[in-house]
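Asker: If you scroll down you'll find the structure; I have some questions about it.
The values are calculated or read from the model by the stated rules, or taken from the named source; none is laboratory data. Source: prediction; values computed, not measured. Here Cβ is always computed from backbone atoms with ideal geometry, including for glycine, and neighbour counts include all displayed protein chains.
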Amino acid sequence: MSALGEGLHPWRPGTAANDTPWVALDWCDPHEGRLLAADSWRVVEGRVRGLEAHRARFLAAVGPWRDDAETFWRDAVAALPRSGDWFPRVELRERAEGTQLSLRLRPTPATGTEVDVATAPHDPRTRPLIKGPDLDALQALRVAVQPSGAGEAIIVDAQGRVVEGAYSGLLWWRGETLVRPADALPRIPSVTVDLVVRAARAAGVPLAEAEARPADLAGCELWVLSALHGLRSARHWIDGPALAPATRAPLGRAWLAGAAVDLYPDRGTPALGG
């Protein structure tokens, strides 16, 4: 198991080789300071999907503020538990004295394989390409659609085009073709979506991108993808298009299962790449 316990662990760079880089909290509110960047992934019994892609996404987001993020990443991965089901998060926050990199160790919350969705009432994103700055606003978006029975809010842009879920990426099937929102629509690059698309391409599945409005997804099988849940099939689009049954979801989940690798191949040194 990791020497670190559940909770928030600020990182201190430049420590001696025999010292821990993790320090006790030195401020009262662990949420103090603006969240500049964050990334999360799931680790189940020491196995993980798409770790290198999470690394690349986080380092790109942190780059404008820190030049030691690679060292932090290595320390964070080395601290991950070797057993159990975990959903760690790495963070960069703005502090009065500068920026703070931290690792938040969290047990994986309840997950599901199906979800009802609803169109988001608005698009609150201010940094649509960076994961972190808008997380609180996106959570509020989810809360806003919960009274309708939805577990995820689908964001559409000013032209009504489907972009992404509040905390998820989207794929849908039109006939035999697997479709994603047009690449030109600004959104967080989804690691889980990319893993599925790569597997589909390797399997010879036709792929396409589209500037689609909710009504255009009528009769389609819709997948809602995230690092936490993996692949959830959308059962109903509340006050939206009628969706097709999730007949292909087992195939997508098999693709994701095939992408999992051992974080600790020899149960010693962590595999810091994908």
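Conditions tested, residue by residue: (1) within 18 Å of Leu228 (Cβ to Cβ); (2) touching a Pro at 6+ places or on another chain (Cβ under 6 Å).
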| site | (1), (2) |
| --- | --- |
| Leu135 | yes, no |
| Gln139 | yes, no |
| Ile154 | yes, no |
| Trp172 | no, no |
| Thr177 | no, yes |
| Asp183 | no, no |
| Leu195 | yes, no |
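Asker: Only one of these is of a type in the set (S, T, N, Q) and surrounded by fewer than 16 Cβ atoms within 10 Å (Cβ to Cβ): Thr119, Thr126. Name it. Working first, answer last.
Answerer: Numbers: Thr119 fails: surrounded by fewer than 16 Cβ atoms within 10 Å (Cβ to Cβ).
Result: Thr126 is the single residue among Thr119, Thr126 that is of a type in the set (S, T, N, Q) and surrounded by fewer than 16 Cβ atoms within 10 Å (Cβ to Cβ).
Asker: A follow-up question, please. Please state which of the following conditions Thr71 fails to meet, knowing it meets all the rest: (1) closer than 24 Å to Arg253 by Cα; (2) without any contact (Cβ under 8 Å) to a residue 60 or more places away in the chain; (3) hydroxyl-bearing (Ser, Thr, Tyr).
Answerer: All conditions pass for Thr71, except number (1).
Asker: Of the residues Asp157, Asp134, which is over 24 Å from Leu256 (Cα atoms), crowded, with 19+ Cβ neighbours inside 10 Å and charged (D, E, K, R)? Break it down into steps so the answer makes sense when it comes.
Answerer: On the way: Asp157 fails: crowded, with 19+ Cβ neighbours inside 10 Å.
Only one candidate qualifies: Asp134.
Asker: Give all pairs with beta carbons closer than 9 Å in which a residue from the range 106-120 that is without any contact (Cβ under 8 Å) to a residue 12 or more places away in the chain and not assigned by TED's automatic domain parsing to the domain that holds Ala166 meets a residue that is in a loop (DSSP other than H, G, I, E, B) and among the aliphatic types (A, V, I, L, M); count only pairs at least 6 apart in sequence or on separate chains.
Answerer: none
Okay, residues lined up against (1) assigned by TED's automatic domain parsing to the domain that holds Thr192; (2) within 19 Å of the chain's Cα centre (by Cα); (3) over 17 Å from Ala227 (Cβ atoms):
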residue	(1), (2), (3)
Arg42	no, yes, no
Val48	no, yes, no
Arg57	no, yes, no
Thr71	no, no, yes
Ser83	no, no, yes
Pro88	no, yes, no
Arg93	no, yes, yes
Ser102	no, yes, yes
